[in-house]
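Accompanying notes for the structure given below.
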Amino acid sequence: MRTPAVLITGANGEIGHALIERLAVADAAIVTIDVTPLDPALARHVRRELTGSILDRGLLERVLAEFEVDRIYHLAALLSTRSEFTPLTAHDVNVAGTLNLLELAQHEGESHGRPVAFLYPSSIAVYGMPDAETKAGIPPVREEDYNQPRTMYGCNKLYCEHLGRYYGRHYKQLASGVEPRVDFRSVRFPGLISAMTLPSGGTSDYAPEMIHAAATGKPYACFVRPNTKIPFMAMPDAVDALLALAAAHPEALTRYAYNLSAFSPTAEEVRDAVLKAFPDADIWYSADAKRQAIVDSWPAEVDDSAARQDWGFSPKFDFTTAFDDYLIPTIKERYR
Ligand code: SER
């Protein structure tokens with residue numbers, strides 16, 4: 001008999017680190033896939049660690065040979081800045097890789113006779129603001145507005161939301177009256193800030209990089225202008241949101257992709273908060289035109305009322321408490 005398990009792809013990444021720590025407490029059998037070996041601190045929580053690519057179908061079959069997957073957190077992706085350097089590889093990993101996982105979910109759902117939960121982190125990168133005036137002048141952006149991503153990553157995320165919707169309501173199942181076998185649920189994360197890890201290859205990375213650089217006494221050149229504004233949230237709230245969405249009753253859900261956010265500081269406000277905690281920090285601005293254009297295409301604020309209403313999304317940290325109660329004390333402890 002196969003062992004029931006939760007599968008996490010991209011497990012060694014930023015979200016994976018925080019998610020595994022939380023799931024380990026819940027005592028689920030965790031199976032991971034990542035292109036790099038897991039951090040040893042994570043590996044001890046994991047039943048089986050597979051090092052390799054989600055494009056390797058043989059690797060995915062090895063999971064199925066041994067485990068009965070009933071939930072998937074599909075976190076593996078190339079982030080937005082990195083994807084612009086290697087757009088075809090990004091498309092392979094972000095789209096073909098996701099398709100492989102959706103097929104795996106469909107296969108498992110058919111084999112168990114009940115839907116496999118598929119949790120998918122999408123992103124504010126699915127939005128494309130037409131210009132700075134629009135970005136500055138509009139109310140928080142709703143899920144169905146401005147779906148014109150500028151980046152390969154944003155295109156990939158938006159399309160994969162639709163692929164998830166397709167697998168969740170597969171026409172063959174609808175035609176035969178059989179219940180869907182993939183229970184696809186997605187959140188559009190804002191920039192995430194973790195006290196424990198740094199992202200790599202993203203464009204919202206200036207905020208976490210600024211904080212971690214200051215904590216380790218390193219100078220930091222912020223790659224966006226001071227008045228740049230996008231939504232962010234603290235990593236514990238991001239993981240709580242994934243777990244809350246996973247636990248929500250299917251009938252409570254009115255959409256397949258939900259906006260989330262907690263606070264929308266400017267880069268200058270982030271710098272001020274960092275300087276308050278680390279007065280000697282050396283942070284200046286050296287805007288990178290391409291990365292600036294990417295964040296300028298993302299909304300300043302998103303409307304997350306659907307997530308609040310449908311499944312009780314309620315982030316614990318606002319901008320002040322994220323710094324005072326989570327980031328600064330945890331980071332100081334970490335680098336002590
Ligand atoms: N944080 C991601 C990035 O910057 C967006 O989801 O690429």
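No lab work stands behind these numbers, since they all come straight from the coordinates. From a predicted model like this one, the values you see are computed outputs, not experimental measurements. Here Cβ is always computed from backbone atoms with ideal geometry, including for glycine, and neighbour counts include all displayed protein chains.
Below are the figures for this structure:
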| item | result |
| --- | --- |
| Neighbour-count ranking [beta-carbon atoms within 10 angstrom, fewest first] of THR9, THR266, THR36 | THR36, THR266, THR9 |
| DSSP-assigned coil residues among chymotrypsin sites (Phe, Trp or Tyr not before Pro) in the stretch 295-336, each with at most 12 further Cβ atoms within 10 Å | TYR335 |
| Potential extension, ASP92-LYS290 segment - 0.36 nm per residue separation minus Cα distance | 69.0 nm |
| Cα convex hull of the chain - mean projected area over all directions, nm² | 16.7 |
| Inter-label distance for ASP318 and VAL25, nm, one decimal - labels placed 7 Å from Cα along Cα-to-Cβ | 2.5 |
| Global form of the stretch 249-333, assessed from the alpha-carbon gyration tensor, a/c cut-off 1.5 | oblate |
| Pairs from LYS157/LYS316; LYS157/LYS218; LYS157/LYS276; LYS157/LYS290 whose Cα-Cα separation, in the structure shown, is over 31 Å | LYS157/LYS218; LYS157/LYS276 |
| At 0.890 mPa s and 25 °C, Stokes diffusion of the stretch 132-198 via Kirkwood alpha-carbon radius, µm² per second | 163 |
| Inter-site label distance for ARG142 and SER111 at 7 Å from Cα along Cβ, in nm | 4.2 |
| ALA246-LYS172 FRET efficiency (beta carbon distance; Förster radius 25 Å; 0.05 resolution) | 0.50 |
| Overall Cα dimensions of the stretch 25-176 - principal axes, largest extent first, Å | 54, 45, 33 |
